[in-house]
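In what follows, a single structure is set out as structure tokens and then discussed.
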Amino acid sequence: MSERSYHHGNLRTELLDQAERSVIASGVEDLSLRALARDLGVSHGAPRRHFADRAALLEALAVRGFESLSERIAEALGDAGPSFEARLRAIAHTYIAFTAGRMPLVELMFASKHREGTDATRAAAHAAYTVPFEAVAAARRDGELGTDDEQAAGRLVFSTLHGLAVLLNSGMITGDDVTAVVDTTVDGLLTGLLPRARGVSPSLPSSTTATAKRQG
């Protein structure tokens, strides 16, 4: 990158883009402002005009990650149907797509959220997860959940999807249609979350029913 590009205001974005690529490829340990400056062809001091130090760069990268996740989930929910099932499937597919091939960045995002002095990251994380948690809260208000504990339901959804993301990205689940894996996982969540009469098993979610009919 030339100094001309920097003066046009592109350097901050380019630093974050290159930092994200570096984190995904090699982890956080080898990331440095000097290395990024070298990779982008600018002076060693140029990155410090945007990031005071490495920690500031990492926090900005985590904030951008949460903001991107929030935008993607909000967009997916805007295109989803009104039912809890439709919204849960939209959240699930969006989260798995966001994490695909990017788990080192996701790990950085969550690690940054818990460090001292990272208020911006915590605020961005809160904003990102307010959207899906509100979908769970709306389902409880509409009587679509079998529990009044929407916080517990939200934690169940997130822990299940994050665990699935880890399994997929680590290669522990291989050779499968990711879309089908996500839908099957959502089916399991719905089985536990939807209301049911005492002693009566809930009906199969729509995707499971459709799959069973195709196999039959």
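The values are calculated or read from the model by the stated rules, or taken from the named source; none is laboratory data. Keep in mind the model is a prediction, meaning the values are calculated, not measured. FYI the Cβ positions are ideal-geometry reconstructions off the backbone, even for glycines, and counts take in every protein chain you see. The accessibility values were calculated without ligands, DNA or RNA, using every heavy atom of the protein model including side chains. Shrake-Rupley method; radii C 1.70, N 1.55, O 1.52, S 1.80 Å.
Some notes on this structure:
- Averaged over its residues, the stretch 73-155 has an accessible area of 47 Å² per residue, based on protein heavy atoms and a 1.4 Å probe.
- Amide N of the stretch 74-95 lying under 14 Å from the label point, which is placed 7 angstrom from the Cα of residue 68 along Cα→Cβ: 95
- Loop-located GluC sites (Glu not before Pro) in the stretch 63-130 (DSSP state other than H, G, I, E, B) with a sparse environment of at most 13 neighbouring Cβ atoms within 10 Å: 116.
- Accessible-area value, residue 119, 1.4 Å probe, nucleic acids and ligands omitted, Å²: 100 Å²
- Formal net charge of residues neighbouring residue 99 (Cβ-Cβ distance under 12 Å; K, R +1; D, E -1): +1
- The fraction of accessible area contributed by carbon and sulfur in the stretch 78-142 is 57 percent, rounded to a whole number (1.4 Å probe; ligands and nucleic acids excluded).
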